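Student: Would you mind keeping the following structure in view while I ask a few things?
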Amino acid sequence: MIDQQMSLRGDAARLPVRPRTGRFLVLAVVFVCAACGLVYELELVALASYLIGDSVTQASVVLSVMVFAMGIGSLLAKRLRGRAAVGFGLLEAALALIGGTSALVLYASFAWLGESRYALVGFSLAIGVLIGAEIPLLMTLIQRVDRQDAGGAVADLFAADYVGALVGGLAFPFLLLPVMGQLTGALVTGAVNAAAGGALVLWVFRRDLDRRSRWVLITVNVTVIALLATATVLVDDFERAARRAVYGEGVRVAVQTGVQEVVLTGAGRDSLDLYLDGRLRVSSRDEHRYHEALVHPAMAGRHTRVLILGGGDGLAAREVLRYPDVESVLVVELDPAVTRLARTDPALSGLNAHVYDDPRLTAVTGDAFTWLRAPHGRYDVVVSDLPDPGITASTKLYSAEFYGLVVAALEPGGRLVVHAGPLGSRPATFWTVEASMRAGGLSTRPYSVEGRLDGFAAGPDRSRDATRSPQDWGFVLAGRDPVERLRLDPGSPGLRSLGERELLAAGRSAERVRQREPPPSTLVHPRYWEEP
């Protein structure tokens with residue numbers, strides 16, 4: 001015991017700072033590294049959810065692979081404890097470079113290769129190994145600077161680590177994403193990581209380094225920070241090139257909002273495409289067929305007051321407002337940037353016939369589920385023009401509980417129409433939506449309309465021309481009272497692609513492939529998943 005204490009005093013004497021100061025500096029670097037490590041994890045989860053979809057699956061893959069890799073990293077770090085200072089310095093430089101560039105490389109693999117799953121797993125594994133190796137090395141370093149039992153050192157290290165993770169976890173959504181964006185935020189985080197790790201070793205533990213190790217660390221850290229800084233300067237050019245690879249040459253608007261990425265391509269009404277988080281939501285070549293099939297069957301009957309959930313692009317509202325006896329239309333859209341574009345972009349506002357200038361229309365910003373929970377009166381028609389249920393963030397908007405809220409918002413005899421996804425390629429999802437509507441207290445009438453271009457998601461492997469083979473749109477018309485048959489209102493305006501005969505055929509085509517009773521999707525037991 002006496003020999004151990006003398007050894008610790010001798011080690012502390014070699015430090016250029018007092019033991020308490022050295023201990024504080026080590027814990028401060030633990031704090032910074034923990035914050036950076038959590039930012040890398042959240043960056044991977046957020047970008048993977050955007051690029052691949054199904055955020056629950058992507059979060060599970062990233063976190064489980066990382067935790068597994070951290071265990072491997074802890075075991076590998078045992079070999080470096082003899083040269084803990086130089087090992088920690090090199091490890092932090094590697095973590096800064098890999099973590100800082102992870103979002104950029106992941107986006108590049110999606111843009112130019114069309115596949116980012118393998119890159120996601122690879123980065124999760126590499127970052128997890130490096131994070132797992134930190135604590136054993138830091139444990140060795142903190143015992144070098146201050147006499148402390150192993151239990152106390154572990155407690156201090158984990159306290160600093162957990163507080164740093166808290167700060168990193170809060171900084172990511174509230175600072176890095178809104179101020180810098182995903183790519184720049186990751187690069188800046190990497191630079192901070194490299195600077196903190198390099199400064200600790202090159203200052204506090206510089207006497208542990210021989211001349212060669214010192215110059216290796218200086219060279220590696222300067223190179224890493226220079227690479228990250230260069231990438232930060234060029235990130236805007238990279239984003240433009242990647243968007244061209246994903247969306248083609250016609251990108252006019254690209255906005256990362258607090259909700260999603262919004263991209264508009266094409267300059268004219270005949271070539272306009274609207275993408276939300278990489279998924280094609282509107283194509284001017286055939287949107288009229290979709291919106292006519294969505295809106296007009298629900299308008300057969302009283303339609304004085306109409307509620308549109310989603311549909312901030314104004315195209316569903318355009319069809320509703322073609323009826324002169326409609327008195328009011330309310331659009332509830334989650335992302336105000338979409339409604340702003342629908343008002344101000346010349347091509348999009350031309351496509352929606354400038355509906356936001358119509359005094360009968362009112363738009364509010366809000367989550368449809370939350371909005372429906374508060375009393376807002378009752379409506380004759382509710383049009384649900386929301387993202388597909390296979391996207392995890394929207395599964396609650398296709399739950400039995402959600403449809404129960406819609407029932408409460410319907411007038412007696414009122415009707416709801418829901419876009420339930422393509423019946424041909426995703427029948428399980430479609431019939432789960434229909435079952436959930438019935439579980440919410442609605443009588444349903446499904447129908448399927450052919451004509452959608454195969455452009456659900458953007459990517460280099462997907463053609464965007466009009467020669468793509470048509471798919472289908474699946475819809476479910478429902479009401480508080482039984483819906484006897486599909487029909488159009490006698491006073492409906494002339495439609496370009498939908499007539500009474502086509503609508504009846506659409507209902508028969510859906511009933512021919514009806515599946516046996518699937519269980520409904522609920523908030524506590526969601527039954528949707530992202531299908532290929």
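The values are calculated or read from the model by the stated rules, or taken from the named source; none is laboratory data. Remember, it's a predicted structure, so these values are computed and weren't measured experimentally. All Cβ positions, even for glycine, are placed from backbone atoms using ideal geometry, and neighbour counts span all protein chains on display. Side chains included, ligands, DNA and RNA excluded: accessible areas come from the protein's heavy atoms. Shrake-Rupley method; radii C 1.70, N 1.55, O 1.52, S 1.80 Å.
Student: Output the number of residues of the stretch 304-344 satisfying the condition of being open to solvent by less than 10 Å² (accessible area, probe 1.4 Å), part of a loop (DSSP other than H, G, I, E, B) and in contact (Cβ under 8 Å) with a residue 40 or more places away in the chain.
Tutor: Residues meeting the conditions: 5.
Student: May I pose another question? Among the residues of the stretch 493-500, is there at least one that is in a helix (DSSP H, G or I) and either open to solvent by less than 20 Å² (accessible area, probe 1.4 Å) or of a type outside the set (G, A, S) (or both)? Talk me through it step by step, then tell me what you get.
Tutor: To start, the set of residues in the stretch 493-500 that are in a helix (DSSP H, G or I) comprises 500.
When the remaining residues are screened for being either open to solvent by less than 20 Å² (accessible area, probe 1.4 Å) or of a type outside the set (G, A, S) (or both), the result is 500.
Among the residues of the stretch 493-500, at least one is in a helix (DSSP H, G or I) and either open to solvent by less than 20 Å² (accessible area, probe 1.4 Å) or of a type outside the set (G, A, S) (or both), which makes the answer yes.
Student: Sticking with this one: Are any residues in the stretch 344-384 farther than 17 Å from Y403 by Cβ and within 25 Å of the chain's Cα centre (by Cα), and if so, which ones?
Tutor: Of everything in the stretch 344-384, those that are farther than 17 Å from Y403 by Cβ and within 25 Å of the chain's Cα centre (by Cα) turn out to be D345, L348, A363, V364, T365, G366.
Student: Assess whether A400 counts as being in contact (Cβ under 8 Å) with a residue 24 or more places away in the chain, surrounded by fewer than 16 Cβ atoms within 10 Å (Cβ to Cβ) and farther than 16 Å from V306 by Cβ. Please lay out each step first, then the result.
Tutor: Numbers: in contact (Cβ under 8 Å) with a residue 24 or more places away in the chain: yes; surrounded by fewer than 16 Cβ atoms within 10 Å (Cβ to Cβ): no; farther than 16 Å from V306 by Cβ: yes.
When the stated conditions are applied, A400 does not pass them.
Student: Out of everything in the stretch 359-385 that is among the small types (G, A, S) and assigned to a strand (DSSP E or B), what residue ends up being nearest to T339 (Cα to Cα)?
Tutor: Selected residue: A363.
Student: Please find, within the stretch 501-532, the residue that is surrounded by the most Cβ atoms within 10 Å (Cβ to Cβ) out of those that are under 33 Å from the mean Cα position of the chain (by Cα) and over 20 Å from R426 (Cα atoms).
Tutor: L523
Student: Tell me, yes or no, whether the stretch 408-415 has at least one residue that is in contact with an Asp or Glu (Cβ under 9 Å, 6 or more places away or on another chain), more than 24 Å from R487 (Cβ to Cβ) and in contact (Cβ under 8 Å) with a residue 40 or more places away in the chain.
Tutor: First, pick out the residues of the stretch 408-415 that are in contact with an Asp or Glu (Cβ under 9 Å, 6 or more places away or on another chain): 410-415.
Among the residues that remain, those that are also more than 24 Å from R487 (Cβ to Cβ) are: none.
No; the residues of the stretch 408-415 include none that is in contact with an Asp or Glu (Cβ under 9 Å, 6 or more places away or on another chain), more than 24 Å from R487 (Cβ to Cβ) and in contact (Cβ under 8 Å) with a residue 40 or more places away in the chain.
Student: Ok, one more. Which condition number does D208 fail, the rest of (1) under 30 Å from L80 (Cα atoms); (2) open to solvent by 70 Å² or more (accessible area, probe 1.4 Å) being met?
Tutor: Of (1) under 30 Å from L80 (Cα atoms); (2) open to solvent by 70 Å² or more (accessible area, probe 1.4 Å), only one is false for D208: (2).
Student: Given (1) part of a loop (DSSP other than H, G, I, E, B); (2) surrounded by fewer than 20 Cβ atoms within 10 Å (Cβ to Cβ), identify the lone condition not met by D388.
Tutor: (2)
Student: Quick one: in the stretch 1-29, which of the residues that are closer than 13 Å to F205 by Cβ and modelled with pLDDT of 90 or more is most open to solvent (accessible area, probe 1.4 Å)?
Tutor: L25
Student: Kindly evaluate V192 against the criterion of being in a helix (DSSP H, G or I), out of contact with any Lys or Arg (no Cβ under 8 Å at 6 or more places or on another chain), farther than 24 Å from D161 by Cα and at pLDDT 95 or above. Outline the logic, then answer.
Tutor: Working: in a helix (DSSP H, G or I): yes; out of contact with any Lys or Arg (no Cβ under 8 Å at 6 or more places or on another chain): yes; farther than 24 Å from D161 by Cα: no; at pLDDT 95 or above: yes.
Spelling it out, it is not the case that V192 is in a helix (DSSP H, G or I), out of contact with any Lys or Arg (no Cβ under 8 Å at 6 or more places or on another chain), farther than 24 Å from D161 by Cα and at pLDDT 95 or above.
Student: State whether the residues of the stretch 195-202 include one that is touching a Cys at 6+ places or on another chain (Cβ under 7 Å), assigned to a helix (DSSP H, G or I) and farther than 30 Å from G258 by Cβ.
Tutor: We begin by selecting, within the stretch 195-202, every residue touching a Cys at 6+ places or on another chain (Cβ under 7 Å); these are 196-197.
Cutting the leftovers down to assigned to a helix (DSSP H, G or I) gives us 196-197.
Okay, now just the ones that are also farther than 30 Å from G258 by Cβ, so 197.
Yes.
Student: Can you pull out the residues in the stretch 345-367 that are open to solvent by 40 Å² or more (accessible area, probe 1.4 Å), of a type in the set (S, T, N, Q) and touching an Asp or Glu at 6+ places or on another chain (Cβ under 8 Å)?
Tutor: The answer is T365, and nothing else.
Student: Here are D345, D277: which of them is within 24 Å of G474 (Cα to Cα) and charged (D, E, K, R)?
Tutor: Values: D345 fails: within 24 Å of G474 (Cα to Cα).
The unique qualifying residue is D277.
Student: State whether the residues of the stretch 404-416 include one that is part of a helix (DSSP H, G or I), open to solvent by less than 30 Å² (accessible area, probe 1.4 Å) and closer than 20 Å to A342 by Cβ.
Tutor: Within the stretch 404-416 (the criterion being part of a helix (DSSP H, G or I), open to solvent by less than 30 Å² (accessible area, probe 1.4 Å) and closer than 20 Å to A342 by Cβ), the answer is no, since none of the residues qualifies.
Student: What is the number of the single condition among (1) of a type in the set (G, A, S); (2) closer than 26 Å to G185 by Cα; (3) within 25 Å of the chain's Cα centre (by Cα) that A226 does not meet?
Tutor: (3)
The rows are residues; the columns are (1) assigned to a strand (DSSP E or B); (2) open to solvent by 20 Å² or more (accessible area, probe 1.4 Å); (3) under 21 Å from L361 (Cβ atoms); (4) of a type in the set (A, V, I, L, M).
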| position | (1), (2), (3), (4) |
| --- | --- |
| V246 | no, no, no, yes |
| V255 | yes, yes, no, yes |
| G258 | no, yes, no, no |
| A267 | no, yes, no, yes |
| S271 | no, yes, no, no |
| V282 | yes, no, yes, yes |
| L294 | no, no, yes, yes |
| G301 | no, yes, yes, no |
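Student: Of the residues Y356, Y290, Y275, which is part of a helix (DSSP H, G or I) and more than 23 Å from G491 (Cα to Cα)?
Tutor: Numbers: Y290 fails: more than 23 Å from G491 (Cα to Cα); Y275 fails: part of a helix (DSSP H, G or I).
Unique residue meeting the criteria: Y356.
Student: Considering only the stretch 57-91, state which residues are open to solvent by 20 Å² or more (accessible area, probe 1.4 Å), out of contact with any Gly (no Cβ under 8 Å at 6 or more places or on another chain) and among the small types (G, A, S).
Tutor: Those that are open to solvent by 20 Å² or more (accessible area, probe 1.4 Å), out of contact with any Gly (no Cβ under 8 Å at 6 or more places or on another chain) and among the small types (G, A, S): A59, S60, S64, G82.
Student: Just wondering, is there one or more residues in the stretch 140-149 that are surrounded by fewer than 19 Cβ atoms within 10 Å (Cβ to Cβ) and not polar (S, T, N, Q)?
Tutor: yes
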